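Participant: Quick one: the structure is below, and I'll ask about it shortly.
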Amino acid sequence: MPIMAKKASTGVSPATAKTERLLNLVIALLHTRQPLSKAKLRQAVPDYAAGSVEAFERMFERDKDELRALGIPLRTEPIDAFFDDEPGYRIDQREYALPEIDFAPDELAVLGLAARSWSQASLAGPAAQALRKLDAAGVVRDESSVAGIEPLLHTPDPAFEPVRDAVLTRTPLTFDYRGGSGDLAHRRVQPWGLTSWHGRWYLTGHDLDREAPRVFRLDRVVGTPQGAGRAGEYAVPEDLDTLAMIRRSAGEEPPTDRTARLLLRDGTAASLRRRATPVTGSDAPEGWRLLDVPADSLPRLAREVCAAGADVRVVDPPELAELVAERLRAVVASHGGGEG
C-alpha cells in the first residue's frame, strides 16, 4: 500500500504512523464548533487523503472505534438540523477535558515513591514522564515524609508486559498455563487486573471456558500470551477486589467486619484516616486522634500501619499490635540490627 511504503521510507513504524493519524484526527475534531463531515475530515487528516475512498472509509471506521475504546467522547451529530442524511463528527471539549486535579501532600509523596519503585525500564519511562507532567503543572512534591524508603518492584515474568497491556486495554487473551498439579492447559481469559501479592504477580479475570472468575500466577504462564479479540470488548466488574480474589484462591481466611482502634498523628496517614471513624469522648494525646479503622484483613492493615511509621500506634486488638511488631523486628533484623 502506498502509504505504508511512504512511512517505511521515512523510517516511521506503522504503530507510530497510526498514533500520529489518531492525534491529527483528535485535533481536527476538537477544534471545531460544528460537526465535520467525512469529506472534510479526509481533507484535514493527511493519511486519509493518501489512499482511495474505500481505504479511507475502512481506516476511519477503525479509528472511530479506537478513539471510543480510549475513552474519547466522539460524538456523531447531524451536520444540518433540517437534513440528517449525512452525519458529522466532533469531540465535545467539555467532556474531553480533565477536571482540576488536587492532591494532598501525602498523596503526592506516595505518587513520587511509586514512580521510583519501578526498576524495569519499560515502566520506569512512563512513571518518570508522569512526574514531569506534575512538575510542569506546578504541583510541588514533598517527599520528606517518605525519605529513606526505596521499594523496588521487579517483573521477571515474560508474560508481564502482554498481560499488563491486555488489562489496560481490556483485550481477551489466550495462553498455556501450568496449574499447581503440573498439568498444562490452554486458557481463554478476559483480563480484569494484575496484582502483586507476596512477591508474585497474579492475573485475575474471567475464564471463558469455565465461565467463572479465575486467578492465574504469572510465573505459571508458559510462552507469550496472545490477544484473542478486540480492545474494550468486555466490561470489568465495578466491585472487583483483586486482592480478595487472590486471597480466596490461596485459601486464606475470608474478610471479617471487625475494626481496629488506632492513634494517628494529626495530618498524617491519610489513607487510613479516610476510611476511619473518630472515637468520641476519647482522651487522645495532644496532636493525636483516636480512630476506629475497618480491619477486614489484619495482615494487610499491619502493613499499612508499618508503612506509616511512628505516626500510627495500635491500641486494639493485641494481635494487630503483634503483627506490626513482628514486621518491624524483621525490618530491623534485615538491616543488621539486634534483638530489641
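Participant: If we sort 209-219, 52-62, 259-269 on the protection proxy, mean other Cβ atoms within 10 Å, highest first, what's the order?
Facilitator: Ranked from most to least packed, the peptides come out as 259-269, 209-219, 52-62.
Participant: Quick check for you: with a 1.4 Å probe and neighbouring chains kept, what is the accessible area per residue of region 259-336, in Å²? All intermediate terms of the calculation are to be shown ahead of the outcome.
Facilitator: Values: 4390 Å² over 78 residues.
It amounts to 56 Å² per residue over region 259-336.
Participant: Please work out the C-alpha center-to-center distance from region 274-338 to region 184-262 and express it in whole Å.
Facilitator: Between the Cα centre of region 274-338 and that of region 184-262, the gap is 29 Å.
Participant: Can I ask one more? Would region 209-316 count as rounded, prolate or oblate if I go by the C-alpha gyration tensor, calling it rounded below 1.5 in a/c and otherwise prolate when a/b exceeds b/c, oblate otherwise?
Facilitator: Since a/c reaches 1.5 and a/b is larger than b/c, the shape of region 209-316 is classed as prolate.
Participant: Here is a further query. Using mean Cβ contacts within 10 Å as the protection proxy, how do 22-32, 187-197 order, highest first?
Facilitator: 187-197, 22-32
The values are calculated or read from the model by the stated rules, or taken from the named source; none is laboratory data. If you're wondering where the values come from, they're calculated on a predicted model, not measured in any experiment. Here Cβ is always computed from backbone atoms with ideal geometry, including for glycine, and neighbour counts include all displayed protein chains. Heads up: the accessible areas ignore ligands, DNA and RNA and are worked out on the full protein's heavy atoms, side chains in. Shrake-Rupley method; radii C 1.70, N 1.55, O 1.52, S 1.80 Å.
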